[in-house]
Each structure stands twice: as structure tokens, then as C-alpha cells.
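Since every read-out is calculated from the coordinates, none of them should be taken as a lab result. Note that the coordinates shown come from a computational prediction; the quantities given were computed from them, not determined experimentally. All Cβ positions, glycine included, derive from the backbone under ideal geometry; neighbour counts span all protein chains shown.
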Amino acid sequence: MIFICSQSNSFNRHIREVFGDEPVIHSRLLEPNIENGKLHIIHASSYVSELADWVDAFVEETPVAVAIAADIPDVEAMLNYAHHGVKGYCNSHMAEPYYKQLQKLLESDQTWYPPPLLAKAFNIARQTLNRSSAYNALSQLTAREKEISFAVADGDSNKIIAQKLGIVERTVKSHLTSIFDKLRVKDRVALVIYLNQFNFRREDKPNIV
């Protein structure tokens, strides 16, 4: 059985067109439960304010395969969800064959992500430095720049970063400009891939000042 969390009528109609009467659709964002089905598909736009906390609280520890369906998919969101254990990420209104493929793979404990987004992620990754050079580049970051870099990798927006650090968003943007320049990455997406590609963590870089 497929369990759907959605408050979108158009998404619900599309899901019915794809899967027929198989899915159970619920309007509330509920804790994953294997009794409701091995595959849970969450409509991201229905739960903008609570989805990040829900993913952080439940996904990594659940035996349920979770997929996030986004109206406008993007690489940064895909990487962030994957980092938190989400097995699938897709366009909300993708065609039936792709949904069927996602279902088959996730119910077999595999993963499914949109091929175009994967290609974009790999292209960005190929442009990054090797690990040794990356450590040298990271050593140029100040303690505050390091903190902001990993906050971005955690999926925090500029507004959230500013609130956590007690600074204004303008200062966060200024730090990001410096970070991009020092690491030679072009944007937030490239920064996230840069940090994840080399499996950098906050605690294993004592040389970053």
C-alpha cells in the first residue's frame, strides 16, 4: 500500500490517475508507520512550514521508504533530503512510468531521484577541487564562515542562519560571498555538493580558524 500526505487537490487527482485506488491519502503530515504502507509520498508544498522538522524527526529512524514530491524540484533540496535519509525525490506531477519506477525501487529498499537533477549534481561535483586542495581551501575560512557553510549544508535559509547567529541577513549574504570566493564555488548548491562530496564535518577540521 502507498500512503500519501497531501493537502493539494491537483496532486491528489494526479496520484489517483497514476496509482488508481491503491494509495491512502491523508491531509495531515503523520509520523511514518509501516502499517500504513512501505512507501510514503509527501507533497512538499502542502507542508512548507513543518516538513523540514518532520524529516529531521522521523525519516532516518523509520523502516518506511519516504519520497518527497516537489512542485518545483531543485538540486539543493534533493541533496538536503537525501542527507536526512529520504529515499526518493521527484516532480509532483511527473508521468506515470516514473512514479511506477520510483515505487518499485523504493519498495525494494533502493533510491530514486530525477536523472536531470542527478546529472546537474554530478556536473557541479566534477568542477570541485580534489580533497587535499579542498582542505587547503577550507582552511581559509574564518570560524563564522565555517559555521555558516555548514548551516547552508544543513538546509538553513539565510533568515534562519541570521536568527541562529544573532546577525542580520545582510551579514549572512556578505559571509556567503566571501565563502564562495575562497572555495571557488558559484552558489549555495555548489557549496552543499562541495562539503558533501568530501564528507566534511564540523568536528574534523580543527585547522579551520
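For W112, nonlocal amide neighbours, meaning residues 5 or more places apart or on other chains whose placed amide H falls under 5 Å from its own, are G88, Y89. The convex hull defined by the C-alpha atoms of the stretch 72-124 has an orientation-averaged projected area of 3.7 nm².
Diffusion of the stretch 43-95 by Stokes-Einstein, at 4 °C in a medium of 1.567 mPa s and with Rh set to the Kirkwood radius over alpha-carbon pairs, works out to 116 µm²/s. State whether the stretch 2-121 is rounded, prolate or oblate according to the following rule on the C-alpha gyration tensor (a ≥ b ≥ c being the square roots of its eigenvalues): a/c under 1.5 gives rounded; otherwise a/b larger than b/c gives prolate, and the remaining case gives oblate. Note, shape of the stretch 2-121 comes out rounded. The number of Lys pairs in the chain with C-alpha atoms less than 19 Å apart, excluding pairs fewer than 8 positions apart on the same chain, is 18. One chain, two ends: E96 and E169. Fully extended at 0.36 nm per residue, the span grows by 22.1 nm beyond their Cα-Cα distance. FRET efficiency for the pair D56 and S133, taken as 1/(1 + (r/R0)^6) with r the Cβ-Cβ distance and R0 = 22 Å, rounds to 0.10. Between amide H atoms placed 1.01 Å from N, distances below 5 Å from H26 occur with I4, C5, S6, all of them 5 or more places distant or on a separate chain.
Just so you know, the averaged projected area of the alpha carbon convex hull for the chain sits at 12.1 nm². Computed about the Cα centre, the dipole magnitude for the chain is approximately 940 debye when only Lys and Arg (+1) and Asp and Glu (-1) carry charge, each at its Cβ. Working note: Debye formula, equal point scatterers on the alpha-carbon atoms of the stretch 87-184, no solvent; log10 I(q)/I(0) at q = 0.22, 0.23 Å⁻¹ is -1.05, -1.09.
Scalar couplings 3J(HN,Hα) for the stretch 165-172, obtained by applying the Karplus form with A = 6.51, B = -1.76, C = 1.60 to θ = phi - 60°, are 8, x, 10, 8, 4, 4, 5, 4 Hz; x denotes Gly and Pro.
Each residue of the stretch 25-33 was assigned a 3J(HN,Hα) from its phi angle through the Karplus curve 6.51 cos²θ - 1.76 cosθ + 1.60 (θ = phi - 60°); the sequence is 9, 10, 7, 8, 8, 9, 4, x, 9 Hz, with glycine and proline shown as x.
Here the stretch 1-54 was treated as a single set of alpha-carbon atoms; its pair distances binned every 5 Å from 0 give 4, 21, 33, 22, 16, 3, 0 percent. Compared with the alpha-carbon gap, the fully stretched path from D109 to K186 is longer by 24.3 nm at 0.36 nm per residue.
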